[in-house]
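Encoded as structure tokens, the structure appears first; notes follow it.
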Amino acid sequence: MGRISTFLCVIVCILALIVARSSWIQALFLVNFLFDATLNSGYTHAMSNITVTRVSDDLPIWQVDGLVSEGEADWIREAYEPYMYSCGPRAPVGCDEVQVLYLRSVHKLLGAIEERVYRLMGNWCQIRNKCELGSFMNWQIVKYSPGGMFQRHVDGPIPLTFMAYLSDNEDGQGGSTHFPNLEVKSETEKKVMMEEREILYEILSFSGIPKGRWPPPPEGLCVRPKKGTVLMWASCLSDGDQNWQAIHEGLPIKMGNKYILNLFFNEIDMDVDVGRACREFNSNFGANDIFPQLQVQHLA
């Protein structure tokens, strides 16, 4: 009996050590059991005020306005920041996040936003029955502080990405979302790109990183964060292959902070190859047919 007790004590101690050293497990517990959910009440939303704009012809990417209010963005930013932990090796400098399974019964505002997204994609949700609301949600909330950035990547195997800006980034702050393979077509877009290039060079010049190891400068579409604005894009081609036009990065912050809210849509489990995820995604609806019930505008 004594050996069993000793064995159980050792197991409990090991588990306690794992929990104590795991930011993700700590956040999972704290966010779902110590979170002040009373502040979630009182939010109303009119879906009729939503506008969707196609941002580029080179990639199925849309800007959605009116889906998240500025007040909601402020509330999410302030409510979840205390639970954030370091992003780790994926973005070792100036990046904190909270990415856990959120209980829908507790996190009512996140649940309401998720329902709006599904209503916006009504054709897919209703016909394909892919938008069932379960008990948990897979949101990610990220904060970038001065010097913080996220290297170039494609969200895969994640065919569709939802990203909402929870803060404004004014001229000179940096932090735009950069799509290097998307063409810059307007003078305004070119101005933002050149400004982000100057900020990147300025930050790198004080970083101590040898010039030979500097990342390439911004050369494509740069979307400047605007509080409440949502970007949605598909990372798959119509034949189910990965769309490399969807490569993107978070450019470095010079001053202030940048906050984003992410939700990733995937047809199948995450432990599969990108090709299979994309093929299953496109077998249910084409990448260009996400908002069939809306009048999608196009940037001039």
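No value in this document is a laboratory result; all are computed from the given coordinates. Just so we're clear, the structure is a prediction, and the values are computed from it rather than from any experiment. Note that each Cβ is placed from the backbone with ideal geometry, even for glycine, and that neighbours are counted across all protein chains shown.
How much length is gained on full extension from LYS191 to VAL106, taking 0.36 nm per residue of separation minus their Cα-Cα distance? Write out the running numbers ahead of the final one.
Numbers: separation 85, 0.36 × 85 = 30.60 nm, distance 4.28 nm.
So the extension gain works out to 26.3 nm.
Full extension from MET255 to VAL154: what is 0.36 nm times the residue separation minus their Cα-Cα distance, to one decimal in nm? Numbers along the way, then the final one.
Details: separation 101, 0.36 × 101 = 36.36 nm, distance 2.62 nm.
Roughly 33.7 nm would be gained on extension.
For the cross-link pairs LYS190/LYS258; LYS108/LYS185; LYS108/LYS191, which exceed 32 Å when the distance is taken from alpha carbon to alpha carbon?
Working: LYS190/LYS258 21 Å; LYS108/LYS185 40 Å; LYS108/LYS191 39 Å.
Pairs exceeding the cut-off: LYS108/LYS185; LYS108/LYS191.
Sorting check: for 215-223, 229-237, 199-207, which peptide has the highest mean count of neighbouring beta carbons within 10 Å, and how do the rest follow? Before the final figure, lay out each step's value.
Details: 215-223: 18.3, 229-237: 23.8, 199-207: 14.9.
So the peptides 215-223, 229-237, 199-207, ranked by packing, come out 229-237, 215-223, 199-207.
Using a 7 Å offset from the Cα along the Cα-to-Cβ direction at both TRP75 and ARG54, what is the distance between the two label points in nm, to one decimal?
3.5 nm
Once fully extended, how much extra length lies between SER207 and GLU219, figured as 0.36 nm per residue of separation less the alpha-carbon to alpha-carbon distance? Don't skip to the answer; put the middle values down first.
Values: separation 12, 0.36 × 12 = 4.32 nm, distance 2.14 nm.
Contour length minus the Cα-Cα distance gives 2.2 nm.
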